[in-house]
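Contents: one structure, followed by commentary.
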Amino acid sequence: MISNIEIILIAIGVVLLYLIYYIFTKDSQQARQIRAMAHAVEDLNRQLFEMHKKLHQEVVEVAAMIPSKEDINLGHDFEKGVQELYFPLSESLQSIEINLQNQKHEFTDRIQVLEANLKSLTLPSSVHSMDDDKIIALYQQGHTLEMIAKELHLSKAEVEFVLKINKIR
């Protein structure tokens, strides 16, 4: 026959197993959320880079269309025609630059919002502020992500996340 003490011990064991399961599932959910946010930030950075590259190509193309000073000095009648071409191109270039600046500000704002949201997420229970300092110090000493993770008993993703949050990597 099972005594009251054995029933209490079994109940405590069941509760402890449930708590361990709950903590494990919460950590894995948070890790998925963090990876999703980091992926979104990387996508935005990639899009911003591509937009800069595209604008640079457009600026080069527009600059190639602008006549040189030698062409302008060919004659007074020709100068009027050149100016008619130059001013629309110049205005087009200015509008492209303004458009790029607006898009750059928009992407910068988006990235800042995402980074703020990312920082507001609760860090996994295995990462603490003392671990952050240790991770940063070891990384700055030249240790690899794998070495840091092994030494601090963390996953490589957690180490990489701490470095990204602190804008070190």
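Hey, rough spin-label estimate for Ile5 and Arg32, points 7 angstrom out along Cα→Cβ, what's it come to in nanometres?
Here the answer is 4.4 nm between the modelled labels.
Give me the dipole magnitude in Debye, nearest 20, for region 1-57 about the Cα centre, with unit charges on the beta carbon: positive for Lys and Arg, negative for Asp and Glu.
Dipole of region 1-57, to the nearest 20 debye: 340 debye.
Tabulate in residue order the Karplus-calculated ³J(HN,Hα) for region 84-96, using 6.51 cos²θ - 1.76 cosθ + 1.60 with θ = phi - 60°, rounded to whole Hz; enter x for Gly and Pro.
With the stated coefficients, region 84-96 comes to 5, 7, 5, 5, x, 5, 4, 5, 4, 4, 5, 5, 5 Hz.
Given a Förster distance of 35 angstrom, what is the FRET efficiency for Glu97 paired with Ile168, based on the Cβ-Cβ distance and rounded to 0.05?
Numbers: r = 33 Å, r/R0 = 0.93.
E(calc), rounded to 0.05, equals 0.60.
Please turn the phi angles of region 29-42 into ³J(HN,Hα) values with the Karplus equation 6.51 cos²θ - 1.76 cosθ + 1.60 (θ = phi - 60°), one per residue in order, whole Hz, x for glycine and proline.
5, 5, 4, 5, 5, 5, 5, 5, 5, 4, 5, 5, 5, 5
Search the structure for amide H atoms under 5 Å from the amide H of Ile66, placed 1.01 Å from N in the peptide plane, and list their residues when 5 or more places away or on another chain.
Sorted by chain and number, the residues that satisfy this come to none at all.
Ile111 to Val15: extension gain in nm, 0.36 nm per residue of separation minus the Cα-Cα distance?
Gain on extension, Ile111 to Val15, equals 30.4 nm.
Taking the Cβ of Leu152 as the center, what net charge do the other residues with Cβ under 12 Å away carry, scoring Lys and Arg +1 and Asp and Glu -1?
Values: positive: Lys134, Lys150, Lys156; negative: Asp131, Asp132, Asp133, Glu146, Glu151, Glu158.
So the environment of Leu152 carries a net charge of -3.
What does the charge count near Leu93 come to, summing +1 for each Lys or Arg and -1 for each Asp or Glu among other residues with Cβ under 11 Å from its Cβ?
-4
How far is it, in nm, from the label point at Tyr86 to the one at Gln57 when both lie 7 Å from their Cα along the line to the Cβ?
2.9 nm
A short reminder: the numbers here are calculations on the coordinates, not readings from a lab. As the structure is a computational prediction, the values presented were derived from the model and not from experiment. A quick note on method: Cβ atoms are made from the backbone with ideal geometry, for glycine too, and the neighbour counts reach across all protein chains shown.
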